[in-house]
Every structure is written in structure tokens, then in C-alpha cells.
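Reading through the C-alpha cells given below for one structure.
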Amino acid sequence: MSSLSATLQDIFNEPGCAKNANKSDVERKKGCTKQPQPGAAAGGCAFDGAKIALQPFTDVAHLIHGPIACEGNSWDNRGAASSGASIWRTSFTTDMTETDVVFGGEKRLYNAIKEIIGKYKPAAVFVYQTCVPAMIGDDIDIVCKAASRKFRKPVIPINAPGFVGSKNLGNKLAGEALLEHVIGTEEPDYTTPYDINMIGEYNLSGELWQIKPLLDELGIRILSCISGDGRYHEVASSHRARAAMLVCSKSMINVARRMEERYCIPFFEGSFYGIQDSSASLREIAQLLVRRGAPEELIGRTEAVIAREEARAWAAIRQYKPRFAGKRALLITGGVKSWSVVAALQEAGLELVGTSVKKSTEEDKERIKELMGLDAHMIEDISAREMYKMLKDARADIMLSGGKSQFVALKAAMPWLDINQERSHAYLGYVGIVKLVEEIDKALFNPIWEQLRQPAPWDTVCKNTHSDPMGQAAESASHPTPAERARRSKRICFCKRVDLGTLEDAIRSHGLTTVREIRQKTNASGGCGACKSRIRHILASSRESSAPAVLDAAE
Amino acid sequence: MAQNAERVLDHFELFRGPEYQQMLENKKKMFENPRDPAEVERIREWTKTREYRDKNFAREALTINPAKACQPLGAVFASVGFEGTLPFVHGSQGCVAYYRSHLSRHFKEPTSCVSSSMTEDAAVFGGLNNMIDGLANSYNMYKPKMIAVSTTCMAEVIGDDLNAFIKTSKEKGSVPADLDVPFAHTPAFVGSHVTGYDNAIKGILEHFWDGKAGTAPKLERKPNDKVNFIGGFDGYAVGNLREIKRIFEVMGIQYTVLADNADVFDTPTDGEFRMYDGGTSLEDAANAIHAKATISMQQWCTEKTLPFIAEHGQEVVSFNYPLGVSATDEFLMALSRITGKEIPDELARERGRLVDAIADSNAHIHGKKFAIYGDPDVCHGLAAFLLELGAEPTHVLSTNGNKAWQEKMEALFASSPFGQNCHAYPGRDLWHLRSLLFTEPVDFLIGNTYGKYLERDTGTPLIRIGFPVFDRHHHHRSPVWGYQGGLNVLIKILDKIFDEFDKNANIPGKTDYSFDIIR
């Protein structure tokens, strides 16, 4: 059993993490996440990160060992949906008191575990370490081991007391606990060549269920989802999966990589946010499974499902495109969602004026650049005040973010849509993107925003909060080249890395009129093919631009 | 036996006992000519169809479950809003008992009101003697400062002349000659309670301003800077009038609230019975003639009063029960324009808070469909607020609404993209609304307590806003006007929406994956 500090070093050395791999030894030693700055408002702690990562295991009793602070303010705050067991939503804590702090809380913890098992018979008990018992030296590993032996029930120590670092570090420590104590400890009832793991998917608002019917239809079984709507037995036997999809790379990359190392389960990093990503992920799952020995025909069936679902989703989204014309969105969120949501919103015809990359890896940032072009406004770390200013300046039409930044958006008189865990709608998969677009539409066109942006009607002094549009236009006219360069550098085909300028030049100089001709000349749309609609759009707009203009350019 | 002296059950439990169940079943079988349940079910389903709706809307003579009350109810409501005033309804006493119970059940306060207790002889020979005796008795027993007379149908059918009767009564000495006894003819077969409110206010102002039925010189208007305020018939009078007075005070406006019944419908319990409490002083009612302007919150509650006031040389402004941000803006700006007073920062901050609250929660209301029924102005105010929230007031029905109301509603619908599929139904009743709710379902219903039958039949959740609300207590004590009031309405609507979320997600292990702590 490794000590907490050894585990931390392991995580900091995570070779699967691109950000980490680029660091010097000294930098790596400092840890993979920025230490919170004293005096600045900051996000959650490692304990919170560990808890939210594991809480969606629904048949597990989650016991928080510590004073009431840790559990009292946070219980049942995760909108992950369960298809059955509900014990995960019951709040268990040792509620340590002064006496426990003086004499130690191990006995109390042991008795708490005993009482949970006696009263509820959960599939397992996860015991979360917090700051106070960690500081006074309560050894939860030993207590869990003893309880496990005594009650013949998995009792798993989750060693991520708040003070060790950030929420994200806590996610990873949770993963470490699964690797060390859970995964590979049981065997599945049966296996199929179509068994996969989903890693870092939390079934928020039941979003996993928007994808599951498609997997069911293809005969693909989610052997274990870590951890959304998960069961203890499933994750304990997840080492028998044939392939894995890593959904949130930030929180669980260590799990995916170590499972590949230990059990030869290949994984890919994918997302079900947006049409392109959903299709790519389904393809990738099918390909991985076939590579691991599943019958070849799976690929054909997958393509058929993709074609059907894409057609449906596009048809639904197309109705919104005219309404979204010229609308701009600002995305402030963490984790995997930034680049995958960028792709989704672009599909809906929204222009992205900026996205936060606080929790994104270097790889994530590269993807964002691909999607948004070189002019991508990436925001590293942002205080509420800065965010407010950005909203005012960027003059976006809507902000998509987590609940915490909601109020900043509102004070800046911007429509806002929740895309983090407290949202009440599921945005995953082909159905989910349609739902997201529907919600954006609602948020954009709610009549209250007019009220919000205008001063009270009796205010005779009109406070013009917007910057002068004439001034802006003049500025951009005086520097035509960077703006044009940025426009032309917008990536259209991501697979084959073809940008807008290349396509426009090809269309002009060769007089191309179809997507097929474009693919022959430029290789664009030769990959996943999801950019076809964008290319059609470019073709259409180049037809619209007058003939003399084409001649001018050709000359 | 289900109950005995040691264990007394209330009606919720008692009749579920086996002996009562047996008894009820036998009674049904033996005496109630029972029909085949399948046939009953078939008819029930048929009443939900478009075909039935067409027949229902073709109804000419019958009104089923009306959403209106009669004129004298409105007259009584207005009269108690004047200092020491006893409403006296000339007609049969049964009607008067209804007004008292109707108002008391809503406001949870006693309602003082007497009648001339006309009987069959009075109906044949005229009610003069009842008026003479009635005025004398009520004056001696209840010591009012003013007796405000209105009528029931019975007196109207035989054509009793109130003006002459009151004069004769005074001549006969039943009340002192200088006692103020204004009157209004308020037959129930014309209009509704909003008409009665209008007639009563007009009758009282006429009395004071135009020479007290020929017994005093007419008042001469000497314009001052005051503003008169008329709330109209309003189930939220207690909270609303207090909120309006607060607004006047923070703006520094000198005002007279006419028919100020906020206190009489909300007397404190401290060991003293207040038959009369608060109210517009009689002096203020008389001096209201000098005011700069009169503001009515409900156009259809003051259709006769406002022209009467305008004739006396004042500016008159009417609203349609302003609710929410824009409507309150308009109201305040009108106040500001009339009085030249600025809208203070305090109100601007309240406005900002309401806008903030709407912005926080708009996603849950946006796009939801509502049916509304109630008094014409209340319907207009609610519909306008819903449009402001991005909701669709799909069916708006007012039994006492008329053609002009319908046109005004349609203009409102046309002004918003959310009003495109909305319709106004004047003169229709709750049985019509039932058909509408079945054939064109909506998400929520807004109306008074009687809407609970529609809620049960159609499964459309009811948000209780209106008059009367009998089965929920004390809501009338909170305002719905002003920005604060808008917040209260918003909360009422949101509470129901979230209750529905929870209700639809509470089966353990089946739907409770959405039984969330955070909404």
C-alpha cells in the first residue's frame, strides 16, 4: 500500500497527461495543478474532487470521515442520475466532534462503517478522508482494511484530504483508489466481445442514457461506467472490458492509462457532445472493438446508425440556424467540455468569441485552436471581475458556463445557460445537442434580456455601456490583414487540417462546385466527413459572391 | 364501528370506514339508478374531444361554473373602504349573507354589511318601509359614520327608487338628515362585481361632490397637487393598497386612496373588535374633487367612475392591473409625469431586483403555456407579465370580459412573439375552459379556488391567483403590484413549477433519478 505522498508523486508523473510530459523534472515535482492562491476566490478541494468523481456509483454507501463541514454543506449536490440503487444519495458522515479530534476518530469511523453495513447492506462502503482526521493521524486505510475483513464487504479508503490540493487532483486520487482497491477484484458474470468501459462519464441529468440506446442497438455493452450510474460489481470487474472510452480526460486519465498498461484495454479519448464528436466516438468504439476481435460487421452497422442519427439531428438543428445567424457565444467552463462544446455550438451556427481553458490540457487547447481558428480567445484563469469585463467587451449574445459564473453573466446583462453539473437538461449525443440548441434558443430569445440591458425607462441619461461600433469598424479597416488572415485560417476540415483560405482559393482558381471536387483537390472532407455541411456552406456563399469579384481575384 | 367517543375521526378518514363504504355502495345500487361504469367512462372521455368542445361552445342559454360574481358584491367591497361606513344592501337578506361569506372566506375577516331584509310583501308593495326601518335600525345598532346603499335584484325588479326612498327615510327621521347615505343601483342581472364596484365608487363620489342629493351645495373644484388612487375590485387589496401607499410615500406624492379597505380586511387580533377600521375619510372622499388627477388600476372596474371624475376637470389615467416590470414601469412613469416627482433610487433598486430574479429563473418559465381566467383587468395584467417572462398565455378567459376586452387582449398578444398562438375568450365560463384545456392542453392554469376542479379533471396544475381564494390562506396579505408584488407573483408561479418537477420525479427507484435537491 503506497503512502499518500507516493501516490501524489505518481499522479504528477502521469505519462498519459500531455501537459505533464512537456514539463521539466522540477516543474513536475511541484505538482500538476496550480496551487490555490491565498486570498483569491478558488474552486473546490481534493476531497470534493474525489467525492464527486466517485459519488455516482449508486449502490455504494459514501461515508465522509470528518467534522460536519465537509458533508454538511455538500450532500446530495450531484445531479447524476441512477437507474436503480439510491443509497449513494443518502448522506453518511462520522460528524466528528471535539472529543474525536482529541482522542482520534478511528474507532468512530469503524463503528460508523459497522452501522452502515448493518443497516443498509450496500454493495460497498467508500470512506473519504478529510483534512481534520488526516491531520490528527487517523489511518483510514487500516480501519477500512480491518472493517473489510471483519464484515466481509469491500470497504474502500479514498485518501484525498482537502489540503493536498485542487479538486482535479482529488478526481485523480479517486481514480487511484479505484485502481488500487477496486478494479480487478471481481469477475464479470459473463463477457462479450462488445464490452467497453466508459471512464470519466458521470451521467449528469441522465445524459449517458441519451447514448446508451444507440450502444444497446449496436449490441455494445457498457461493462462499467466510471462512475455515472455505476455499480460496484461492474467497476470491480471492469478489467475484462475489451476497450475503453475516456470521456473526461482531466479527471480520469490515470485510470484509463493504467488499465491499458495493466489489462491491455486500449482506450481513446472522446466525447458525446455534439454531432461530430458523437459520430467519431461511436466509430472509434467500433474500431477498437473490432481490433480487439469483435466481428468486422460491427463497423458497417455503426456507420448505418451514425448516418441515421446524424440526419435526424441535422434536420432538427437546421431549423435553428437562421435564428442563430450572427449570434455569438462565450464559453466559460472547465474540463473536457470546452473543446467538445465548441464543436457542438459551431454546428448549431453560433459564433464562439471565447472559451475558457483553465482546466484544459495543452492538447485540449490545440483542439480549440483547430476549431476556432488562430483568433481563438482562450481564457486561462479568470476572476469574476475580469469575466464581467469580458462579457461587456466581447459583446457576446450568450454565455454558457457553470452555475458559479451565472451571476456574473446576469450582472453583465447577458443571457446565460448552465452546462455544468447543476443543469437540469442532458446535452449528450445526437438528442442532447438538439436539446442544447433548443435551450440556447430559449435563453437567447427570452424577453427579459431586453429589460436587463436597458436602464429603467425613466433614466433620461442613457448609460451606453457598449463600446462604439463605429470606432471598432474603423480600427479593423485600418488593419485589414490580420483580420483577414484570421478569417482565412479558420479550420474547416479538422481531420485533414484544411483551412478556409485554402478552400476558397481552390474554389476560385479551379471553379469547384461540389464537395467531391473539393475533396479531390484539397483532401478536405476526406476524414470523418463531418465538415461536408460546412464546405457546402462555403460553396454556396462563394456562388453568391459576384462573378467580377472572382475574376478580380483570379487576375 | 370506525369511530367512537374515544376515537373521533374527521371527514377525511371517517367515511372511508367499511360501514360507510358499504352504506354508500348500497345507496348507489338501490336508489341512484346506477349506469354502466363503462358507459360513464365513455361519456367522460367524449367530453374531452373536439366534437364535445364544439357543442360546448355552441351553448347559448346555460352558464356552467361561472368565473364572476354579482354587482352588489363589488359594491360592498368598495363601500367598506370608507371610514366608518356600513354597506346597506336594499333587497333580500339572503344575498347579503352571500356577500359577507364570500368576502370573509377569502379575506379571513368578518365583513360588516346589512340588508333591508325585503320579504314577499315588500316585493309586492315596494320596499320603502324596509328601507325606513332598515336605515333606522342599522344606524342605531352599528353607529356608522356613513351608510352606503346598494341593491339586490329584488329591489331592482320592482324598481325601487333609492334616491326618493333615502330622502323619505330621512324625512321620517330614521337617520339624521345630515348623515351621509350615498347610493348605487347595482342589479346583478347587469354586469358583474366589477360593475358594482364601479357604480358604488361613482355613487359615493357623486354624493359628496354633487351636493349630497340636493341637500347641500355642489363642491367647487380648487385644484391641488394631490393624486387620487382607485384600486378596483381586488383580491389582493390588503397587500396591494399598502404597497401602493408605500410607493406614494417614497416618491413624496400626496395622495388619497379611494375605497381603502386594506385595514378593514386585515384587523389585528388584540382583544378589540373593529367593525370599521381604516378607510378613506369622508373628508378626503369629498376633497378628492380637488386632486390633480385620478389613477385607476383597473379600467373595467372604473368605466363609469373615470368619465364622471374627468367631467369634474381632472386628468384620469387607467391601467389594466399592472403586474411585472414593464407594466410597473408604466405605472410609475405615469405617476412621475403627473406629479413631477422623480422615481427614487429605492424603487429603481427594487426594479433591478425583480429583473434579476426573473433572469435567475427565466429558463423554467420560458416557453411554458398557461391558461388564465378571472376578472378582465387581472387577466390582462397576468397575461402581460407572462409574455414578459417568455411564457405563452394560450387561453385567457373572462366570464365578465366583453368585446372591448377581447380586442385589448388581442392587441396585447400581437405585441409579443410569445402571444402568437394565444386567444382571449370573453363571456365564457369554466366549463368552456375545461374543453379548451382538454383539446389544447397547457402546462399551468392560473385562476381562483374554483380552478381546483379543472386541475383535478384535466391534470393541469393550478396556480391560485385571483378572487376568491378560499382554500389557501393569507396570500391576499402580500402585494402583487409594484416590483415587490411582481416578485411575489413570480415566486407563486415558480413554486408550482418546481412542485410539479418534484411530483413527477418522486417514485422511489422509478422516477426519482430526477428528484433533485438543486433546481
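A compact table of results
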{"item": "Candidate set: region B:385-395, residues that are in a helix (DSSP H, G or I) and out of contact with any Leu (no Cβ under 8 Å at 6 or more places or on another chain); chosen: the one nearest to the other protein chains (Cβ to nearest Cβ)", "result": "B:E388"}
{"item": "From the options B:T47, B:T63, B:T85, residue that is β-branched (V, I, T) and either touching a Lys or Arg at 6+ places or on another chain (Cβ under 6 Å) or closer than 25 Å to B:L258 by Cα (or both)", "result": "B:T85"}
{"item": "Single residue of B:D266, B:D270, B:D277, B:D260 found to be surrounded by 22 or more Cβ atoms within 10 Å (Cβ to Cβ), more than 14 Å from chain A (Cβ to nearest Cβ) and of a type in the set (D, E, K, R)", "result": "B:D260"}
{"item": "Breaking point among (1) of a type outside the set (F, W, Y); (2) crowded, with 24+ Cβ neighbours inside 10 Å; (3) closer than 24 Å to A:R308 by Cβ; (4) free of Cβ contacts under 8 Å to residues at least 60 places away in the same chain, for A:V155", "result": "(3)"}
{"item": "Breaking point among (1) out of contact with any strand residue (DSSP E or B) (no Cβ under 8 Å at 6 or more places or on another chain); (2) of a type outside the set (S, T, N, Q); (3) within 26 Å of B:R428 (Cβ to Cβ), for B:A2", "result": "(3)"}
{"item": "Test for B:L382: is it within 12 Å of another protein chain (Cβ to nearest Cβ), buried (at least 21 other Cβ atoms within 10 Å of the Cβ) and at pLDDT 95 or above", "result": "no"}
{"item": "Helices (runs of 4 or more DSSP H) contained entirely in region B:139-225, each with at least 2 residues that are without any contact (Cβ under 8 Å) to a residue 12 or more places away in the chain", "result": "B:162-171"}
{"item": "Meets criteria (within 14 Å of chain A (Cβ to nearest Cβ), touching a residue at least 24 places away in the same chain (Cβ under 8 Å) and of a type outside the set (G, A, S)) for B:F444", "result": "no"}
{"item": "Residues satisfying the stated conditions in region A:217-251, i.e. assigned to a loop (DSSP other than H, G, I, E, B) and under 21 Å from A:D59 (Cα atoms)", "result": "A:G228, A:D229, A:R231, A:S237, A:A241"}
{"item": "Residue within region A:79-99 that is within 14 Å of chain B (Cβ to nearest Cβ) and assigned to a strand (DSSP E or B) present", "result": "yes"}
{"item": "Residue list for region B:401-424, restricted to those being buried (at least 22 other Cβ atoms within 10 Å of the Cβ), outside any helix (DSSP H, G or I) and within 21 Å of the chain's Cα centre (by Cα)", "result": "B:G401, B:A424"}
{"item": "Which numbered condition B:E243 fails, given (1) among the charged types (D, E, K, R); (2) touching a residue at least 12 places away in the same chain (Cβ under 8 Å); (3) surrounded by fewer than 19 Cβ atoms within 10 Å (Cβ to Cβ)", "result": "(3)"}
{"item": "Of residues in region A:168-204 being over 13 Å from A:I222 (Cα atoms) and among the acidic types (D, E), the one nearest to the chain's Cα centre (by Cα)", "result": "A:E176"}
{"item": "Inter-residue pairs, beta-carbon under 7 Å, first more than 9 Å from chain A (Cβ to nearest Cβ) and in region B:331-344, second part of a helix (DSSP H, G or I), 6+ apart", "result": "B:L335/B:M251; B:K341/B:M251; B:P344/B:V250; B:P344/B:M251"}
{"item": "Lone qualifier among B:S318, B:S326 - being surrounded by 14 or more Cβ atoms within 10 Å (Cβ to Cβ), more than 11 Å from every other protein chain (Cβ to nearest Cβ) and among the hydroxyl-bearing types (S, T, Y)", "result": "B:S318"}
{"item": "Region B:489-518 residues that are free of Cβ contacts under 8 Å to residues at least 40 places away in the same chain and within 13 Å of chain A (Cβ to nearest Cβ), paired with ones that are surrounded by fewer than 17 Cβ atoms within 10 Å (Cβ to Cβ) and of a type in the set (V, I, T) (beta carbon under 6 Å, 6 or more apart)", "result": "B:A505/B:T511"}
{"item": "Residue within region A:454-476 that is in a helix (DSSP H, G or I), at pLDDT 50 or above and not polar (S, T, N, Q) present", "result": "no"}
{"item": "Residue ranges of helices (runs of 4 or more DSSP H) in region A:108-216 with at least 2 members in contact with a Lys or Arg (Cβ under 8 Å, 6 or more places away or on another chain) and over 26 Å from A:V247 (Cβ atoms)", "result": "A:140-151"}
{"item": "Residue that is in a loop (DSSP other than H, G, I, E, B) and under 30 Å from B:S398 (Cα atoms), where the choices are B:P66, B:P34", "result": "B:P66"}
{"item": "Candidates B:S104, B:S115 - the one that is without any contact (Cβ under 8 Å) to a residue 12 or more places away in the chain and of a type in the set (S, T, N, Q)", "result": "B:S104"}
{"item": "Unmet criterion (only one of (1) surrounded by 23 or more Cβ atoms within 10 Å (Cβ to Cβ); (2) closer than 20 Å to A:V182 by Cα) for A:C70", "result": "(2)"}
{"item": "Flag for B:G313 being out of contact with any strand residue (DSSP E or B) (no Cβ under 9 Å at 6 or more places or on another chain), away from chain A (no Cβ under 14 Å) and either crowded, with 18+ Cβ neighbours inside 10 Å or not in a helix (DSSP H, G or I) (or both)", "result": "yes"}
{"item": "Check on A:G206, within 14 Å of chain B (Cβ to nearest Cβ), crowded, with 24+ Cβ neighbours inside 10 Å and not acidic (D, E)", "result": "no"}
{"item": "Check on B:L433, assigned to a helix (DSSP H, G or I), buried (at least 18 other Cβ atoms within 10 Å of the Cβ) and either touching a His at 6+ places or on another chain (Cβ under 6 Å) or within 14 Å of chain A (Cβ to nearest Cβ) (or both)", "result": "no"}
{"item": "Filtered residues of region A:507-525 (kept if closer than 16 Å to A:S541 by Cα and under 36 Å from the mean Cα position of the chain (by Cα))", "result": "A:T514, A:V515, A:I518"}
{"item": "Odd one out for A:D139 among (1) of a type in the set (D, E); (2) closer than 18 Å to A:L173 by Cα; (3) more than 36 Å from the chain's Cα centre (by Cα)", "result": "(3)"}
{"item": "Looking only at region A:120-162, and only at residues there that are in contact with a strand residue (DSSP E or B) (Cβ under 7 Å, 6 or more places away or on another chain) and of a type in the set (F, W, Y), the one that is modelled with the lowest pLDDT", "result": "A:Y120"}
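The values are calculated or read from the model by the stated rules, or taken from the named source; none is laboratory data. Quick caveat, the model's predicted, so the values are computed rather than measured. As a convention, Cβ positions derive from the backbone with ideal geometry for all residues, glycine included, and neighbour counts pool all protein chains shown.
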